[in-house]
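All of the numbers you see were taken from the coordinates with simple rules; none came from a lab. These figures come from a predicted structure and were not determined experimentally. So basically every Cβ, Gly included, is an ideal-geometry build from the backbone, and we count neighbours across all protein chains shown.
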Ligand SMILES: Nc1ncnc2c1ncn2[C@@H]1O[C@H](COP(=O)(O)OP(=O)(O)OP(=O)(O)O)[C@@H](O)[C@H]1O
Ligand SMILES: Nc1ncnc2c1ncn2[C@@H]1O[C@H](COP(=O)(O)OP(=O)(O)OP(=O)(O)O)[C@@H](O)[C@H]1O
Ligand SMILES: [Mg+2]
Ligand SMILES: [Mg+2]
């Protein structure tokens with residue numbers, strides 16, 4: 001019990017350290033950039049009174065160490081500055097958009113990972129066959145498509161030529177009833193999720209395939225064969241569990257990037273998520289918001305890495321032994 | 001003797017190493033009578049593991065079978081399709097591999113791996129399967145089988161892992177057990193128990209055993225019949241008492257001599273040897289010119305079979 | 001060198017393994033090494049024999065500085081292991097080398113035999129030539145060395161791989177070589193060759209050797225002193241020759257009598273001095289008691305401690321070897 005608590009504690013501590021590091025970087029960006037740092041935080045369009053207020057609140061007249069402390073303190077309390085474009089606190093603006101992005105990305109990643117792992121496992125068992133080559137070729141093709149291009153193509157085909165799906169948005173106005181709402185959102189998700197999963201899938205497929213090829217030549221696979229297990233079971237039970245570790249690790253790191261990674265896709269599908277938020281923040285030079293998104297990305301990355309660690313410990317007892325003891 | 005349960009004919013096998021070929025088995029023939037215990041002995045690197053892996057068709061990718069047939073109960077295993085092979089692997093022929101820990105799946109508990117075999121081949125489920133697993137582990141003289149059941153491979157000691165592998169192989173009540181150094185990681189007190197157990201199953205349930213070992217004491221304890229392999233070739237074979245009492249081949253003699261603590265012929269630098277030469281020739285105290293040119297024919301002699309020019313010469317003399 | 005100290009000194013070493021649930025709750029405790037004290041002199045060949053699962057490998061890994069002990073003290077050259085490892089881990093590794101029982105665990109599947117041998121030499125900044133490597137391989141009977149060097153470790157037979165590990169460990173010329181079942185997979189001729197090689201290292205370079213083996217004959221031929229281990233405890237220590245020819249502890253006796261003879265004429269005629277039933281591991285009293293044919297009432301109640309019964313010979317038994325004290 002104690003060891004598990006220590007483990008969680010250590011990981012959280014590591015996550016916090018990363019977040020603090022990111023906060024430090026943003027602090028220095030704010031403070032070392034030419035011009036008045038208060039303007040950075042308040043936004044260029046802010047009124048002089050507001051800039052004064054910010055100057056006071058963040059102590060821009062105080063020595064730098066003190067300012068750093070004040071800044072971190074503000075961050076910790078959830079005061080991430082004020083978005084000039086949205087005329088709302090940064091954190092609030094971000095939290096409003098985060099669920100939409102998470103919904104889109106989690107769905108896309110889940111599909112990409114599941115399909116990628118499945119296809120990776122299947123192709124690895126027939127490595128260098130025609131089937132393997134075909135799957136690799138197709139997935140690589142999707143991988144090399146720019147996201148915006150794929151997104152536009154899908155819109156062109158599936159909402160303009162064949163009007164099966166909407167061109168964008170998350171939910172139509174005026175939908176009543178919970179079930180209807182859910183269905184409507186799913187309907188809107190089809191095209192953006194397809195775009196993203198097709199692109200993400202290739203890396204999972206290739207990683208799984210490569211690791212599986214190694215695993216499949218391990219000694220314990222010979223034991224499984226000699227036991228008389230059917231091929232399917234050997235691949236999906238004995239081998240895949242071993243191959244899962246690097247895949248989980250990759251998903252853990254990738255997940256953090258997805259927040260900002262889906263910028264183009266979100267914009268094209270006018271998905272009300274972090275991606276379009278970031279675009280707006282940059283377009284309108286809403287620095288507090290840009291920095292806030294930066295910090296939020298760090299937080300999500302650290303947390304997803306933490307989840308990945310726990311998952312890995314679950315899959316591999318040796319990792320569990322190392323982590324938890 | 002009854003019909004052989006397993007018969008290997010002229011098996012030749014090479015490993016591809018880079019762009020060269022390494023011939024690991026050269027025209028190996030052997031026959032395992034039903035209900036017998038046959039031992040395959042030979043030096044490290046002589047091709048023992050390779051030979052038995054080809055029986056189960058669990059060879060690494062680099063291995064190429066160039067020639068030969070392997071008959072199990074009359075069927076040629078090398079030409080069976082995967083589906084028919086599934087009916088034999090694990091069910092009729094079980095295998096215990098060398099290097100026990102690496103042959104257990106690192107992310108699956110002993111329980112999962114052992115019960116899998118029991119469920120697959122014995123049709124037991126749930127609690128019944130678990131009880132059978134516990135029974136097998138106690139047969140292996142593992143203290144606290146319940147604990148061992150819950151361990152993962154990296155938590156086992158070398159000898160514990162080896163016994164788990166043996167338990168797994170016996171789980172299906174096979175008719176042929178192929179065991180590669182099954183007691184190499186066991187201390188004498190456990191080794192003798194496991195060997196007696198195998199003997200018991202062999203006698204009570206007519207289990208045929210093909211045993212690979214470097215340990216001649218193990219051979220003496222359990223085997224009826226012995227094949228001696230060197231450099232990928234069978235040098236000599238015969239009844240165990242005959243092999244120990246009147247060895248014919250200089251290599252077999254060497255092996256037995258070194259047991260009694262007497263010195264043995266140091267391996268000389270091998271150099272390159274002709275493909276057809278006797279692989280033992282460079283080390284052989286009795287080597288003659290012919291040995292470096294041509295591998296001798298097998299001859300029946302004193303109730304054994306041996307391939308050696310000098311033995312042939314000796315016979316001609318008498 | 002600090003001659004006044006023994007090379008290795010262990011005082012009341014303990015290592016318990018605790019199996020835990022994912023939440024870290026202790027389900028079971030295994031006393032792998034339990035209160036073991038001993039010392040190994042300079043230029044000594046010290047053997048450990050014992051039952052499978054009695055803790056030999058665990059002890060070896062502790063001696064090699066690869067595993068922390070829970071309690072007790074361990075010294076090398078009079079300095080505590082923990083300090084040495086903290087101060088100069090690399091230097092320690094050079095001084096103390098281990099040959100693993102399970103050679104696969106430390107193989108990188110992508111490195112050739114050559115890279116495998118070169119790595120530690122490079123790491124410790126030892127200069128070497130190609131012919132040095134070839135010589136090392138030849139010395140453990142791996143020939144043709146030229147060809148073997150370009151192979152992958154998993155392309156070797158079991159015994160060849162075992163010898164590759166021996167080659168690597170001795171290439172560093174350590175002061176203390178710990179060999180965990182180094183010859184278990186080798187036939188008599190190769191085994192004799194390896195043992196005489198190790199003996200040469202001992203004689204020429206003054207290397208101290210800890211050899212773990214279950215083969216009493218090997219122990220008798222090779223070692224100066226031997227410790228017999230049973231369920232985490234040393235039950236007898238003495239000169240290898242004496243223990244082999246006249247074992248005192250009932251387990252040592254069982255060990256010697258269980259050793260098979262290479263004679264098919266006497267097969268099946270072994271009469272073992274032990275109870276048929278294995279029994280469970282007793283919570284109190286002597287750990288061997290459930291199997292012991294000599295046990296008296298006291299054995300079930302009180303754990304015997306290791307006591308000197310004659311010069312350099314200690315036994316932990318209430319019944320055997322007590323006459324002298
Ligand atoms: N994958 C491989 N690629 C190339 N050569 C190999 C491969 N596996 C084995 N060999 C070589 O084939 C020969 C026979 O190996 P095998 O494993 O059958 O020996 P063995 O008799 O089982 O030896 P041991 O008693 O040491 O286990 C050895 O010389 C070995 O180096
Ligand atoms: N990482 C671990 N976690 C839990 N238990 C362990 C671990 N490593 C070893 N053990 C346990 O400690 C005990 C001693 O194991 P160890 O490997 O030291 O035995 P050994 O004397 O080397 O046996 P063998 O002769 O079979 O190799 C065993 O019961 C084993 O299950
Ligand atoms: Mg082998
Ligand atoms: Mg061990």
Fewest-first ranking of A:19, C:126, B:55, using other Cβ atoms within 10 Å as the exposure measure: C:126, A:19, B:55
Average Cα contact separation per residue, chain C, under 8 Å, 6 or more apart, as relative contact order %: 18 percent
Gaussian network model of chain C, springs between alpha carbon atoms under 10 Å - residue of C:124, C:214, C:249 with greatest fluctuation: C:124
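Output needed for the stretch A:97-150: three equivalent-ellipsoid semi-axes, defined as square roots of 5 times the C-alpha gyration tensor eigenvalues, in descending order, whole Å. Don't skip to the end; give the middle numbers.
Details: eigenvalues 149, 45, 4 Å².
So the equivalent ellipsoid measures 27, 15, 5 Å along its semi-axes.
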Antiparallel DSSP beta bridges within chain B, as percent of all bridges there, nearest 5: 60 percent
q = 0.07, 0.11 Å⁻¹: log10 I(q)/I(0) that the Debye formula gives for chain A, counting C-alpha atoms only: -0.39, -0.87
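Of the listed peptides C:231-240, C:142-151, B:179-188, what is their order by residue-averaged count of other C-beta atoms within 10 Å, with the highest listed first?
On the way: C:231-240: 23.7, C:142-151: 17.8, B:179-188: 25.7.
Ranking the peptides C:231-240, C:142-151, B:179-188 by packing returns B:179-188, C:231-240, C:142-151.
Could you tell me what a quarter of the Cα convex hull surface of the stretch C:152-296 works out to, in nm² with one decimal place?
Numbers: hull surface 46.0 nm².
For the stretch C:152-296, averaging the hull's shadow over all directions gives 11.5 nm².
For chain C, take N as its residue count and report Rg(C-alpha) divided by 2.2 N^0.38 Å.
Working: Rg = 20.8 Å, N = 325, 2.2 N^0.38 = 19.8 Å.
It is 1.05.
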The protein assembly as shown - share of DSSP beta bridges that are antiparallel (%, nearest 5): 60 percent
Area projected by the alpha carbon convex hull of the stretch A:114-182, averaged over all directions, nm²: 7.0 nm²
Percent of C-alpha pairs per 5 Å bin, the stretch C:43-188, short to long: 2, 9, 18, 21, 20, 15, 10, 5, 1, 0
Highest-fluctuation residue, B:176, B:25, B:274 considered, GNM on chain B with Cα pairs under 10 Å: B:274
Hydrodynamic radius of the stretch A:67-192 per Kirkwood, over alpha carbon pairs, in Å: 18.6 Å
The stretch B:144-225: radius of gyration over Cα atoms, expressed as a fraction of 2.2 N^0.38 Å: 1.10
P(r), alpha carbons of the protein assembly as shown - 20 Å bins starting at zero, rounded %: 12, 36, 31, 16, 5, 0, 0
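Run through the DSSP bridge list for chain C and note the antiparallel percent, rounded to the nearest 5.
Values: 29 of 47 bridges.
Counting only bridges with both partners in chain C, antiparallel ones make up about 60 percent.
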Ranking of A:122, C:140 by count of other Cβ atoms within 10 Å, fewest first: A:122, C:140
Residue of A:95, A:32, A:154 that the Gaussian network model of chain A assigns the largest fluctuation, springs spanning Cα pairs under 10 Å: A:32
Average other protein chain Cβ within 10 Å of Cβ, residues B:94-103: 6
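Let me have the relative contact order for the stretch B:1-76, percent, based on Cα pairs under 8 Å that are six or more residues apart.
On the way: 124 pairs, mean separation 33.9, N = 76.
Computed over the stretch B:1-76, the figure is 45 percent.
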Two-decimal ratio, the stretch B:19-93, of alpha-carbon radius of gyration to 2.2 N^0.38 Å: 1.17
Peptide-level mean, for C:53-61, of C-beta atoms on other protein chains within 10 Å: 3
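Counting helices only, and only those DSSP H runs with n ≥ 4, report the 222 nm mean residue ellipticity of the protein assembly as shown as the sum of -39,500 (n - 2.57) divided by its residues, in deg cm²/dmol to the nearest 500. Intermediate results must be reported in sequence, preceding the final value.
Details: 37 runs with 461 residues, N = 968.
Here the helix-only value at 222 nm equals -15000 deg cm²/dmol.
Write down the Kirkwood hydrodynamic radius of the stretch A:98-284, to one decimal in angstroms, obtained as one divided by the mean of 1/r over all alpha carbon pairs.
Working: mean 1/r = 0.0553 Å⁻¹.
For the stretch A:98-284, inverting the mean 1/r across all distinct Cα pairs yields 18.1 Å.
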From the C-alpha gyration tensor of the stretch B:4-245, square roots of 5λ in Å: 29, 21, 18
Euclidean distance of C-alpha centroids, the stretch B:60-126 and the stretch A:89-147, integer Å: 36 Å
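Summarise the partner chain shielding of B:39-52 as one whole number: the mean count of Cβ atoms from other chains within 10 Å of each residue's Cβ.
Numbers: counts 0, 0, 1, 1, 8, 17, 13, 3, 1, 3, 3, 1, 0, 0.
Neighbouring Cβ atoms belonging to other protein chains average 4 per residue here.
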Alpha-carbon Rg with Dmax, taken over the stretch A:11-98, Å: 13.4, 43
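Please give the peptides B:83-93, A:205-215, B:11-21 ranked by average Cβ packing (other Cβ atoms within 10 Å per residue), highest first, as a rough proxy for protection.
Numbers: B:83-93: 17.8, A:205-215: 21.0, B:11-21: 15.3.
Ranking, from highest mean packing down: A:205-215, B:83-93, B:11-21.
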Highest average packing first - B:190-202, B:227-239, Cβ atoms within 10 Å: B:227-239, B:190-202
Radius, Kirkwood style, for the stretch B:121-192 when every pair of distinct Cα atoms is counted (Å): 12.9 Å
The stretch A:98-284, relative contact order in percent, only Cα pairs under 8 angstrom and at least six apart counted: 36 percent
